[in-house]
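First the structure, which I've put down as structure tokens, then a few questions once you've had a look.
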Amino acid sequence: MADESTTTTVDVVARRKEQKAVLRPLANRRPELYDEDEYTSAEYERMMELYQGTLASIDEGEIVKSKVLEIRDNMVVLDIGFKSEGSIPLEEFKDMPDLKPGDEVEVLLEHLEDQEGSVVLSKKKADFMRVWEKIRISYETDQPVSGTLVKKIKGGVVVDLMGVDAFLPGSQIALRRVPNIDDLLGQKFEFKIIKLNKRRRNIVVSRRVILEAERAGKREKLMKELQKDQVRKGVVKNITDFGAFIDLGGVDGLLHITDMSWGRISHPSEMVQIGMEMDVKVLDIDWDRERISLGLKQLQPYPWKAVIEKYPVGTRVAGKVVSITNYGAFIELEPGIEGLVHISEMSWTRNVRHPSKIVSIGETIEAVVLKVDPNEEKISLGMKQTEQDPWMVLPLKYPVGTRLSGKVRNLTSFGAFVEIEPGIDGLIHISDMSWTKRVQHPSEVVKKGDTVVVLILNIDSDNKRISLGLKQATEDPWLRIGETYPVGTELRGTVARLMDKGVVVDIGNDIEGFVPLSHIPSDKPIDSPADVCYETMILDLRIVEVDPIHRRIVLTVVDIPAEQPPRPETPPKIHTEDSEAAIIPDVIEVEVDEE
């Protein structure tokens, strides 16, 4: 019907053009004013009927042929053979880049006259009506149509469908979400028309429907062909943080990042790119969940197979630091083979608190193979083993009795650590700090940062221990104690500690003596030295025994001065014999001269 109507209109337009020059002037002439010699009344009436009939034959809503009269900046002026011309925006002729005056174009006659008396035309609507029948047939017969993605709009893409705009929703572009729609613009695809509304000129198409149908067919074929452990050719379709999806020819499989390489990779893009064709191995198939697991590294030899022969214990190797943990650093010896340098194997002398203090990611280091376990895929490495163990040469370098100086690096309750050389400390035990004084804490003798002179007492290379002596660096005063403090010498001392069998007194020069309980004067029996004495109390004393061998001096109280420091408010602490064995004699039987 549309073709017949168009043909009739075209014929009428042709006839009207031939009569146009004659009929148009007559349309505005009054019958009584025309020249009788030129036209008879019957001829005039006939011509007017013909002209009016011609005008009536052009109906609004029809497709008519027109001739391009003029092309302006943004407008095309057309002649359809009517009393006035029509115009159409130039953008509707974007499919006709070579348009020029004189060309014939089919357009839709929307209105014979607008408010300005001009014909209203539309090429875009004519194009739409011309292809609508084809589109309708494709829709009703469920046949695919070809179209080109033109531009991205909200919610989807505009598709050029035989010159008519159709809408492609974003969810219908592909089987999965398209990360960048701009990459598809300008490409031509097959589509299914899923919605059609002529009145609203609304066409909705889908590419996903076609892809799903194709996938279903390919899936059915692959289900018969695909088997576990097969090597198949595929194309990388998408890349994520955890792997890559490989198109096996209609069905996608997942190549997980852990199955890409025997070595360590941080992202799948290091191994594959979208569009890359590659061989993969089928690791597992689950048709119910539509999951296919693929592997790439499984096509390469297993690197741990001959690791014992390649890296025997004691071998010196070089590798790159690929990971650092609190307990050590992982070193890549080759793709797929990593060894661990434990924090304890990083330095002979340094106290490494964290591996990052020694190594950094990407650094190449040398190490020695300490242990290989191919079953657990583990190699233990040592960095310090690349150098000589300084503890092995220390006994030769510092024989027992060697005198040297060092800095106090740390204090503990049992002694002080002194740096002998960088990274190597020795311990001064609290018992080796003074010949004469009972040291309760190392801070009474040394402070952190002090430089002290010490003697090497012992070196244990296996356990990495050095014993140092501070008092041994000076002469033992007990060798001449009898000369300095002969028996009978009277002196003044201060109570340092209360013992269960007496008191320890400080008599000066870092020398302490012991006063037995029986040598403390009192008007009544004494059960405890606290009954009479207290710490910081001043006593007048006399030496009654000097024992250089056991390093002790026994004293007796001659007098208790009247002027004394105030007694402490806190109850006194009574020490036991065991803690003062070097001061307290085992048996105290000393005659005291009453005079």
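Quick check: is even one residue across the range 538-557 open to solvent by less than 10 Å² (accessible area, probe 1.4 Å) and without any contact (Cβ under 8 Å) to a residue 40 or more places away in the chain?
No, because not a single residue in the range 538-557 is open to solvent by less than 10 Å² (accessible area, probe 1.4 Å) and without any contact (Cβ under 8 Å) to a residue 40 or more places away in the chain.
Take Val341 and decide whether it is among the aliphatic types (A, V, I, L, M) and open to solvent by 40 Å² or more (accessible area, probe 1.4 Å).
no
Can you tell me which residues in the range 195-226 are out of contact with any strand residue (DSSP E or B) (no Cβ under 7 Å at 6 or more places or on another chain), of a type outside the set (Lys, Arg) and over 22 Å from Ser146 (Cβ atoms)?
Glu220, Leu222, Met223, Glu225
Further, regarding this structure: Take the conditions basic (Lys, Arg), under 39 Å from the mean Cα position of the chain (by Cα), closer than 30 Å to Glu332 by Cβ and surrounded by fewer than 18 Cβ atoms within 10 Å (Cβ to Cβ) and apply them to Lys371. Does it pass?
So Lys371 fits the description; yes.
Moving on. If I filter the range 533-549 down to residues being in contact with a helix residue (DSSP H, G or I) (Cβ under 9 Å, 6 or more places away or on another chain) and part of a loop (DSSP other than H, G, I, E, B), which single residue comes out as modelled with the highest pLDDT?
Going through the qualifying residues, I end up with Pro548.
Which ones in the range 79-101 are closer than 23 Å to Asp160 by Cβ and either aliphatic (A, V, I, L, M) or in a loop (DSSP other than H, G, I, E, B) (or both)?
Ile88, Leu90, Lys94, Asp95, Met96, Pro97, Asp98, Leu99
Continuing with this model, one more query. Count, please, the residues in the range 61-94 that happen to be among the acidic types (Asp, Glu) and touching a Gly at 6+ places or on another chain (Cβ under 6 Å).
Matching residues across the range 61-94 total 0.
Scan the range 193-215 residue by residue and report those that are under 22 Å from Lys134 (Cβ atoms) and either hydroxyl-bearing (Ser, Thr, Tyr) or outside any strand (DSSP E or B) (or both).
Within the range 193-215, Lys198, Arg199, Arg200, Arg201, Ser206, Arg207, Val209, Ile210, Ala213 qualify.
For Lys448, are the conditions met, namely being open to solvent by 30 Å² or more (accessible area, probe 1.4 Å), part of a loop (DSSP other than H, G, I, E, B) and either in contact with a strand residue (DSSP E or B) (Cβ under 8 Å, 6 or more places away or on another chain) or small (Gly, Ala, Ser) (or both)?
Spelling it out, Lys448 is indeed open to solvent by 30 Å² or more (accessible area, probe 1.4 Å), part of a loop (DSSP other than H, G, I, E, B) and either in contact with a strand residue (DSSP E or B) (Cβ under 8 Å, 6 or more places away or on another chain) or small (Gly, Ala, Ser) (or both).
I've got another one for you. With in contact with a Gly (Cβ under 6 Å, 6 or more places away or on another chain) and closer than 30 Å to Ile71 by Cβ as the only criterion, which of Val164, Val119, Val158, Val150 stands out?
Criteria check complete, one pass: Val119.
Return the residue satisfying two criteria in turn: it lies in the range 136-182 and is touching a residue at least 40 places away in the same chain (Cβ under 8 Å), closer than 17 Å to Lys195 by Cβ and in contact with a helix residue (DSSP H, G or I) (Cβ under 9 Å, 6 or more places away or on another chain), and of such residues it is surrounded by the fewest Cβ atoms within 10 Å (Cβ to Cβ).
Pro144
Separate question: Which residue is modelled with the lowest pLDDT, if the candidates are limited to the range 168-192 and must be assigned to a loop (DSSP other than H, G, I, E, B) and farther than 14 Å from Val150 by Cα?
Residue satisfying both the conditions and the ranking: Arg176.
Every residue in the range 248-276 that is assigned to a strand (DSSP E or B) and open to solvent by less than 20 Å² (accessible area, probe 1.4 Å), please.
Gly253, Leu255
Can you tell me which residue within the range 499-511, out of those that are in contact with a helix residue (DSSP H, G or I) (Cβ under 9 Å, 6 or more places away or on another chain) and crowded, with 21+ Cβ neighbours inside 10 Å, is modelled with the lowest pLDDT?
Met499
Just checking, which of Gly336, Gly319 is at pLDDT 90 or above and either open to solvent by less than 50 Å² (accessible area, probe 1.4 Å) or out of contact with any Pro (no Cβ under 9 Å at 6 or more places or on another chain) (or both)? It would help to see each step written out before you state the result.
On the way: Gly336 fails: at pLDDT 90 or above.
When all the criteria are applied, what remains is Gly319.
The values are calculated or read from the model by the stated rules, or taken from the named source; none is laboratory data. Small disclaimer: the values here were computed from a predicted structure and weren't measured. Backbone-built Cβ (ideal geometry, glycine too); neighbour counts: all protein chains shown. Note: areas computed on protein heavy atoms with side chains; ligands, DNA, RNA excluded. Shrake-Rupley method; radii C 1.70, N 1.55, O 1.52, S 1.80 Å.
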